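The structure under discussion is supplied below as structure tokens; questions concerning it will follow.
The values are calculated or read from the model by the stated rules, or taken from the named source; none is laboratory data. Because the structure is a prediction, the values reported are computed rather than measured. Every residue, glycine among them, receives a Cβ derived from its backbone with ideal geometry; neighbour counts consider all protein chains shown.
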């Protein structure tokens, strides 16, 4: 959910400025906080007892808004994934003060120095969060995963669960997890490969102070535990999407393929940064070769993420099949209701349909009004992410004004070129008459100002 981490707090002043510029809320209105205090006292009376299932969570070590807990068990040749999702709707009533504030926010906003939650902390980080120890209300999806990786819902229920352990990506050991955890992830990955799917999930970028008083910007290696954990959400979201589509309702996550121009630009980046991309290899197959542990590959993954038109939310439309090109499937978001407003509505729709009930009218109506709300929230987060990276790049480069760098031209128009530095994860623009996509040029850094988050280059002659 974050594009950059700042463990040394090297960017604290610049991040404060970004919070002011984008009006990131520091707290919640008193009416919302008061409503939340009342909501968390609501007893869970519609939930069956599933305290015997040894659920665990797996997240970043510092996370406190835990959307998901899971357990996996064999069932013949299949694997049964019990995926418990925070029952946010139990604490939030459509139209109440908490709900109204969530519609204003759309999603949790993330910066390297902290987040602005979608819900007040007493809900999002306590009563609804699937923290270990105390019983929690949840919506449990029972997902059957076949040997070929196909995922289907066996049932959905409201339940009281207890997480046995809060596991962390960086420290989790195989013995901490259900015995079939690795096998389930393998099945889901195999199914993705057969569909031609490719989840472009680049690693976070990390800024750190160096010994000379400057800063470095690098990629944080993505852990295998993160990828395997993501397979659980993927399986559940695919199964939920199938359920919604079969009942001709719902809200789906859709994404088109990158257009031909974007692919040309991506091939130019690959050539300039030394990433091998055979001419006859399609983009999705190429993506599956990339490793986030390798810096050039990680930069390439970031470029791919930026190249597309992006994913969007689409309500069901008669005669249309919602499609997510990167997933190679019909896909929905249901597994992060503490962080995304739309997920709460998808979860409630799935709960109703799986139990033979129609989708409640307020939920169905929300599918039509949620897309612009989610688009606005996503655009705001994208602007914040870009501002944070601009800040980090300017901080990293401020001591290198006057130096020259190798760069790849991503695209060019009317004498201006968009470039990516070949040896650093930096995108910029420069005046470059006659340049074309795929060219390699030399550029000289003329300005790097963290206060304005501005970086300027000029074209330099080749040595």
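Inspect segment 23-31 for any residue being in a helix (DSSP H, G or I) and in contact (Cβ under 8 Å) with a residue 24 or more places away in the chain and give the result as yes or no. Reasoning before the result, please.
Of the residues in segment 23-31, the ones in a helix (DSSP H, G or I) are 30-31.
Keeping just the survivors that are in contact (Cβ under 8 Å) with a residue 24 or more places away in the chain gives 31.
Within segment 23-31, one or more residues are in a helix (DSSP H, G or I) and in contact (Cβ under 8 Å) with a residue 24 or more places away in the chain.
Would you mind telling me which numbered condition in (1) touching a helix residue (DSSP H, G or I) at 6+ places or on another chain (Cβ under 8 Å); (2) within 24 Å of residue 102 (Cβ to Cβ); (3) buried (at least 17 other Cβ atoms within 10 Å of the Cβ) residue 378 fails?
(1)
List the number of the failed condition for residue 292; all other conditions in (1) touching a helix residue (DSSP H, G or I) at 6+ places or on another chain (Cβ under 6 Å); (2) within 30 Å of residue 58 (Cβ to Cβ); (3) part of a helix (DSSP H, G or I) hold.
(3)
All but one of (1) part of a helix (DSSP H, G or I); (2) out of contact with any helix residue (DSSP H, G or I) (no Cβ under 9 Å at 6 or more places or on another chain); (3) touching a residue at least 60 places away in the same chain (Cβ under 8 Å) hold for residue 69; which doesn't?
Failing condition for residue 69: (1).
Continuing with this model, one more query. For residue 134, state whether it is in a loop (DSSP other than H, G, I, E, B), without any contact (Cβ under 8 Å) to a residue 40 or more places away in the chain and assigned by TED's automatic domain parsing to the domain that holds residue 12. Give the derivation first.
On the way: in a loop (DSSP other than H, G, I, E, B): yes; without any contact (Cβ under 8 Å) to a residue 40 or more places away in the chain: yes; assigned by TED's automatic domain parsing to the domain that holds residue 12: yes.
When the stated conditions are applied, residue 134 passes them.
Would you please name the residue that is nearest to residue 234 (Cα to Cα), looking only at residues in segment 308-332 that are free of Cβ contacts under 8 Å to residues at least 12 places away in the same chain and either part of a strand (DSSP E or B) or out of contact with any strand residue (DSSP E or B) (no Cβ under 9 Å at 6 or more places or on another chain) (or both)? Quick ask: steps written out before the conclusion?
Of segment 308-332, the ones free of Cβ contacts under 8 Å to residues at least 12 places away in the same chain are 317, 319-320.
From what is left, the residues that are either part of a strand (DSSP E or B) or out of contact with any strand residue (DSSP E or B) (no Cβ under 9 Å at 6 or more places or on another chain) (or both) are 317, 319.
Numbers: 317: 23, 319: 25 Å.
Ranking the candidates gives 317 first.
A further question follows. Can you tell which of 160, 188 is in the same structural domain as residue 325 (by TED's automatic domain parsing), buried (at least 19 other Cβ atoms within 10 Å of the Cβ) and modelled with pLDDT of 95 or more? It would help to see each step written out before you state the result.
On the way: 160 fails: buried (at least 19 other Cβ atoms within 10 Å of the Cβ).
Sole residue among the options that is in the same structural domain as residue 325 (by TED's automatic domain parsing), buried (at least 19 other Cβ atoms within 10 Å of the Cβ) and modelled with pLDDT of 95 or more: 188.
Okay, next question. Would segment 38-47 turn up any residue that is more than 25 Å from the chain's Cα centre (by Cα), modelled with pLDDT of 95 or more and either within 30 Å of residue 312 (Cα to Cα) or not assigned by TED's automatic domain parsing to the domain that holds residue 343 (or both)?
Of all residues in segment 38-47, those more than 25 Å from the chain's Cα centre (by Cα) come to 38-47.
In the following step, the residues that additionally are modelled with pLDDT of 95 or more were identified as 38-47.
With either within 30 Å of residue 312 (Cα to Cα) or not assigned by TED's automatic domain parsing to the domain that holds residue 343 (or both) added as a condition, the list becomes none.
No.
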